[in-house]
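The values are calculated or read from the model by the stated rules, or taken from the named source; none is laboratory data. Only a predicted model underlies this, so the values are computations on that prediction, with no experimental measurement involved. Here the Cβ positions follow ideal geometry from the backbone for every residue, glycine too, while neighbour counts run over all protein chains shown.
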Amino acid sequence: MNDKPNIVVMGLGDSGLSVIQYFHNKNIPVAVVDSRIAPPKLSECRKLYPNVPVYTGGFPKEILAEASTLVLSPGIAVDHPDIRSAVNVHTEIIGDIELFAREIQAPVIAITGSNGKSTLTTLVGEMAIRANIPTRVGGNLGIPALSLLEQNAELYVLELSSFQLETTYSLHPKVATILNISPDHLDRYASLDAYYLAKKRIYTGAEQIVFNRDEPYLSCDIPIHIPAVSFGLDKPSHHNYGLIHDTELQLAKGQERLLPLSQLKLFGWHNVANALAALALGGAAGLPMDKMLEVLQSFAGLAHRCEWVREYNGVQWINDSKGTNVGATLAALHGLAADIPGKWILIAGGVGKNADFSPLKMAVAKYCRAVVLIGEAQDELYALLGSSIPCKRANSLQVAVMLAKQCAQNGDGVLLSPACASFDMFANFAERGEIFKALVQELL
């Protein structure tokens, strides 16, 4: 471990630390660089791997220039100026998922999308576990993929971000899906097309594809040489998944009735789509239908994703702090529309990531009584929405909750679905959601 490292790990968060551990276990020396002065895993790295050289506060060109391999954390773009100026054509640029793909012996269910992918990944993982298949779940969700290698697995279920897919070349999923596409991360991608092309890398080498036929952007661009199954909220054909209306709506595969919607624990139309996607993915991977349906009857969803918090004075309070882009907030508004007799008071705002907020205008006008704005993007959101619906500004989430309480009427709901990242006011979306829930529980 004292040899001069020619592998450089870029970024010292959870995935970066998992990469260091991966190479440490192989007795391969690495160096680490991070643009932050105090990256989140710095102290842990120094404690566990004291011999690993760590450079913080920038990306030293002399370190990058000498590297044969750069392992990028997802938050660092391949075309970062410091990388472009320092590396040569022979430098390998990969990420943690590429290292994972080179090691695995078990099949992978690979999931990406703009919204709902964490719910779907967890749901499919639960289905496989219910079928008594040794299954490991992680990737962009929870445990870094490389940390799953230490466990004996017969199936991996991975959530993958567009950032991770940019540096992945060797993954050959048993089944892959892009759940949906909506504008996101346009502070990193030049266009929606560029963002989609990064997502589309998940199809490379896949044995089967599951696609959302309700998404024209996706259903018109399926590789013809790979077997494909679709899901959607309409009546399905053949071996596809959808809804059939008899005495009540039922999940169906072709003409086969699978489960009445009334037996789902998940609520909202977007979660009906998630349920259908899970059945399609699990079916393509060979999971038994009876076990998958058992999970759908018990799985209540993830924290911070359209999570019911409380009913207070006839008002339902919902935490969708994980709604960090416009598409997620639109999905929440559309999906939850039938769950209350009244209107929604939407709490929105944060770091806008150069997003186009204009699609919110029509949905807010249709479903909302008022909007309460927080964070950096509130001026932009006020300019868009303020002429068509009452908008109030809040300098803290506590004030936002109080203003939402004042706006809400009996039968209404209050929805925290910011359509923005959280980093202007909170450590992450989870902290934002936990603070929101605590404030709501304190209402008197």
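Across the stretch 114-148, the number of residues qualifying as of a type outside the set (Val, Ile, Thr) and at pLDDT below 95 comes to 8. Pairing residues of the stretch 351-364 that are modelled with pLDDT of 95 or more with residues that are outside any strand (DSSP E or B) and among the aromatic types (Phe, Trp, Tyr), at Cβ distances under 7 Å and at least 6 apart in sequence or on separate chains, gives Val351/Phe423. Answer yes or no as to whether Lys61 is of a type in the set (D, E, K, R) and under 25 Å from the mean Cα position of the chain (by Cα). Criteria not met by Lys61. Tell me, please, whether a residue that is more than 25 Å from Tyr195 (Cα to Cα), touching a Gly at 6+ places or on another chain (Cβ under 8 Å) and part of a helix (DSSP H, G or I) can be found in the stretch 281-292. Scanning the stretch 281-292, I find at least one residue that is more than 25 Å from Tyr195 (Cα to Cα), touching a Gly at 6+ places or on another chain (Cβ under 8 Å) and part of a helix (DSSP H, G or I), so the answer is yes. Within the stretch 323-338, none of the residues are outside the structural domain of Leu415 (by TED's automatic domain parsing), in contact with a His (Cβ under 9 Å, 6 or more places away or on another chain), at pLDDT below 95 and within 29 Å of Leu384 (Cβ to Cβ).
The conditions of being assigned to a strand (DSSP E or B) and crowded, with 21+ Cβ neighbours inside 10 Å are not met by Val401.
One residue is enough: does the stretch 64-86 have a residue meeting the conditions of a type in the set (Asp, Glu) and out of contact with any helix residue (DSSP H, G or I) (no Cβ under 8 Å at 6 or more places or on another chain)? Yes, the conditions are met somewhere in the stretch 64-86.
Selection over the stretch 228-262 of residues that are surrounded by fewer than 13 Cβ atoms within 10 Å (Cβ to Cβ) and out of contact with any strand residue (DSSP E or B) (no Cβ under 6 Å at 6 or more places or on another chain) gives a count of 7. Scanning the stretch 54-72 turns up at least one residue that is within 26 Å of Ala176 (Cα to Cα) and outside the structural domain of Ile143 (by TED's automatic domain parsing).
Within the stretch 8-41, if we keep just the residues that are touching a helix residue (DSSP H, G or I) at 6+ places or on another chain (Cβ under 6 Å) and more than 14 Å from Val54 (Cβ to Cβ), the residue that is surrounded by the most Cβ atoms within 10 Å (Cβ to Cβ) turns out to be Ser15. When the stretch 401-433 is limited to residues that are in contact (Cβ under 8 Å) with a residue 24 or more places away in the chain and charged (D, E, K, R), the one that is nearest to Val351 (Cα to Cα) turns out to be Asp424. Can you tell me which residue within the stretch 42-66, out of those that are surrounded by 14 or more Cβ atoms within 10 Å (Cβ to Cβ), assigned to a helix (DSSP H, G or I) and among the aliphatic types (A, V, I, L, M), is modelled with the highest pLDDT? Per the stated criteria, the residue is Leu42.
If you take the residues in the stretch 219-255 that are more than 15 Å from Ala206 (Cβ to Cβ) and of a type in the set (A, V, I, L, M, F, W, C), which one is nearest to the chain's Cα centre (by Cα)? Per the criteria, the residue is Phe231. Of all residues in the stretch 117-169, those that are free of Cβ contacts under 8 Å to residues at least 40 places away in the same chain, over 16 Å from Arg305 (Cβ atoms) and of a type outside the set (Val, Ile, Thr) total 7.
For the stretch 339-377, the set of residues classified as more than 14 Å from Leu415 (Cα to Cα) and of a type in the set (D, E, K, R) consists of Lys353, Asp356, Lys361, Lys366, Glu376, listed by residue number.
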